[in-house]
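To start, the structure under review is shown below, and the notes come after it.
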Amino acid sequence: MTGSGDGPDRPQVKVCGLTCSEDAAACAAAGAAAIGLVFYPPSPRNVTREQARQIALALPPQVVPTGVFVNAAFDTIMDRVAHCRLRAVQLHGQEPPELATRLQTEGLIVLKALFMEREPTLSRATAYPGVVLLVEHGGGRLPGGNARPWDWSAARRLGESHALVIAGGLSPENVAAAVAAARPDAVDVSSGVEGSPGRKDLARVAAFFRALTPAQPPSLPRRRVF
């Protein structure tokens, strides 16, 4: 499934860290292929089961609700999948490959985060065959991108073996350069389109999508992540 705003020469967009249904629906209308829901209490974008369920229910069927977890147990993840109607899971800690494989057998899209500045680093890509790799900086206090731009070109080679998502520090001002450097299948944005943590600035969301047009031609045919 794809969001309405992606095309063969433009990466799909996941807008992450949503905390209310209104923002999620607006991001979907702008062209998001996926909406990220953070289940990590230390994050200012953390949502409850009920919040996440209401956000997921507000999305059109082509937009993929994605749960973001940090070192959560399989049963915890599957509880959120069932209750919140998630169709994708993002593992954003030090999760073992076995967990990613087990979640795939449940019919879920599985994204595994790799980092420039913490474990697991990009060198661990081969340990996660068949999953979508999401690469970001990882040098801040929290496991996410912490709004830090980085050398996006370092992730480009991973697109030869895996579906590739880049994240961390993306904004309307730099996403075109990031896509040109990494040639990803999808991009993930959160704080770069926010007015405050968890609340999106819809003018910046629209600007983010405009910045992806015209798109940088991919070096390989783009995979559909969502």
Relative contact order of the range 1-140, defined on C-alpha pairs under 8 angstrom at six or more residues apart (%): 17
Suppose we keep just the DSSP beta bridges with both residues in the chain; what percent of those would be antiparallel, to 5? 10
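Computed over the Cα atoms of the range 84-198, what is the convex hull's projected area averaged over all directions, in nm²?
Here the figure is 7.3 nm², rounded to one decimal.
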Convex hull of the chain built on C-alpha atoms - directionally averaged projected area, nm²: 10.2
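The numbers here are math on the coordinates, done by the rules we state, and not lab data. Worth saying up front: this structure is predicted, and the values here are computed from it rather than measured.
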